[in-house]
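Derivation of every value follows stated rules applied to the coordinates shown; laboratory data play no part. Only a predicted model underlies this, so the values are computations on that prediction, with no experimental measurement involved. Cβ atoms come from the backbone with ideal geometry, glycine included; neighbour counts cover every protein chain shown.
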Amino acid sequence: MYLKKLELINFRNYSKLNLNFSKGVILVVGDNGQGKTNLLESIYYLSTGKSHRSYNHSELIKWEKDFSILRAEVSSESAKKIEHLIEIELKENNIKIRVDKAYRKRKSEFISILPSVIFSPDDLRIIKSGPSNRRNFIDSILDQIHNDFYRIRLQYQKILNQRNSLIKSISSSMKIADNRTLESWDDNIVKYGTKIIEKRYQFIQEIRKDFIRYMKFFFDKANVDIFYVFSWNRKSFRGSYDDGSFDYTGSNLGNIIGSKEEIDSFGTKLKENLKRDLSFKTTTIGPHRDDFAILIDGKDIRSFGSQGQQRVASISLKLCELNILKEKLKTDPVFLLDDVLSELDLERKKLLIKVINNNLQTFITTTNINYLSDININFTQKFSVKDNKIEKID
């Protein structure tokens with residue numbers, strides 16, 4: 001699929017915007033603060049139902065306005081042409097979604113229509129920040145691939161909140177074994193949590209080969225690996241960070257990297273950790289505490305990797321995202337590059353351009369077209385962003 005037409009009303013700094021797009025590579029040029037990122041954000045929102053920059057949708061509504069509208073016409077490139085109209089209306093406490101004029105109640109009913117991958121300088125936080133950023137990275141992809149994954153995550157979070165509330169109310173003098181309510185929450189935690197862990201674990205296994213291949217493109221002599229870390233194993237790692245994540249470095253990695261079969265032990269591990277949960281007044285294991293780790297030459301890239309290695313790792317993850325969306329959804333995602341080429345050296349630029357030349361509809365933003373002078377790109381369209389307006393240029 002590709003984005004054929006985009007209409008925005010009261011979105012971020014745009015009062016009204018109507019743009020027609022072609023297939024191929026589209027360049028968007030403008031100074032910082034003019035709205036280049038806002039444009040890509042609107043496309044990503046129409047694709048995924050969320051912003052890559054904000055958790056609060058009310059922040060997307062133009063200042064002093066009480067609503068925003070995003071509208072996209074998308075089309076397929078296949079012989080059997082398929083077209084869809086996606087419309088999203090944002091209000092302070094309400095979101096309305098329509099696909100082909102019909103209202104939809106759930107995000108899962110539209111987020112796979114126009115798959116997209118956004119690449120921004122902030123992606124480095126997937127590598128450098130805490131485990132929640134890595135979980136969000138996986139979940140945002142799985143939401144698009146599996147129609148029921150978002151619903152399962154919401155249900156798990158609801159049950160988790162209930163279990164945590166109950167744990168906080170239990171005093172040390174109460175008999176835990178007699179608390180049937182807690183057992184009921186535990187059963188449901190395991191039921192939904194296991195589904196989440198299975199999908200995440202499978203995802204890491206599926207991208208592992210491509211991830212190592214991309215990393216080897218730059219560091220051919222390095223020993224690279226990526227693996228899923230179950231929450232009940234994280235305490236085995238050496239050294240912890242303030243955000244609750246761990247340094248995945250040590251000689252006992254062989255005993256820590258879990259297998260698919262270990263997922264079935266979640267229920268047992270949950271019971272074994274009950275005393276710890278009561279002590280900390282929260283559920284200490286489960287998919288909400290899981291992580292994934294990247295090792296380079298046996299060391300945690302987060303704490304021991306160079307800035308260049310961490311940047312390449314974030315690029316590699318994004319390219320894996322692109323591959324798996326294309327494979328699972330049987331369509332080409334839209335590729336959104338938000339002012340990232342200016343930060344890359346020539347070799348890293350060439351890797352991204354190689355992907356772009358695979359006939360993906362690609363949006364590239366930049367503050368200066370000279371940043372792209374050392375690579376060969378055939379732009380199908382060029383746009384200039386200035387004074388809250390976007391105009392097509394020759």
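Determine ³J(HN,Hα), in whole Hz, for all residues of segment 301-314 in sequence, where each value follows from phi through the Karplus function 6.51 cos²θ - 1.76 cosθ + 1.60 and θ = phi - 60°; x replaces Gly and Pro.
The phi angles translate into 5, 5, 9, 10, x, 6, 4, x, 5, 5, 5, 5, 5, 5 Hz.
Under the rule of -39500 (n - 2.57) per DSSP H run of 4 or more residues, summed and divided by the residues of the chain, what mean residue ellipticity at 222 nm is obtained, to the nearest 500 deg cm²/dmol?
Here the helix-only value at 222 nm equals -12000 deg cm²/dmol.
Can you compute the label reach from Glu347? Point 7 Å from Cα along the Cβ direction, backbone N cut-off under 18 Å, restricted to segment 202-235.
Those under the cut-off are 211-225.
For segment 58-69, just list the computed ³J(HN,Hα) in residue order, Karplus coefficients 6.51, -1.76 and 1.60, θ = phi - 60°, integers in Hz, with x standing in for Gly and Pro.
Working through the residues one at a time gives 5, 5, 7, 7, 3, 4, 6, 10, 9, 7, 9, 10 Hz.
Do the alpha carbons of any pairs in Lys65/Lys107; Lys65/Lys101; Lys281/Lys328; Lys260/Lys349; Lys107/Lys216; Lys281/Lys318 sit beyond 30 Å of each other, and which pairs?
Pairs exceeding 30 Å: Lys281/Lys328; Lys260/Lys349; Lys107/Lys216; Lys281/Lys318.
Quick one: Karplus J couplings for segment 124-134, per residue in order, coefficients 6.51, -1.76, 1.60, θ = phi - 60°, nearest Hz, x for Gly and Pro?
Calculated HN-Hα couplings, in order: 4, 5, 4, 7, 8, 8, x, x, 4, 5, 6 Hz.
Taking N as the number of residues in the chain, what is its alpha-carbon radius of gyration divided by 2.2 N^0.38 Å? All intermediate terms of the calculation are to be shown ahead of the outcome.
Numbers: Rg = 22.6 Å, N = 394, 2.2 N^0.38 = 21.3 Å.
Output field value: 1.06.
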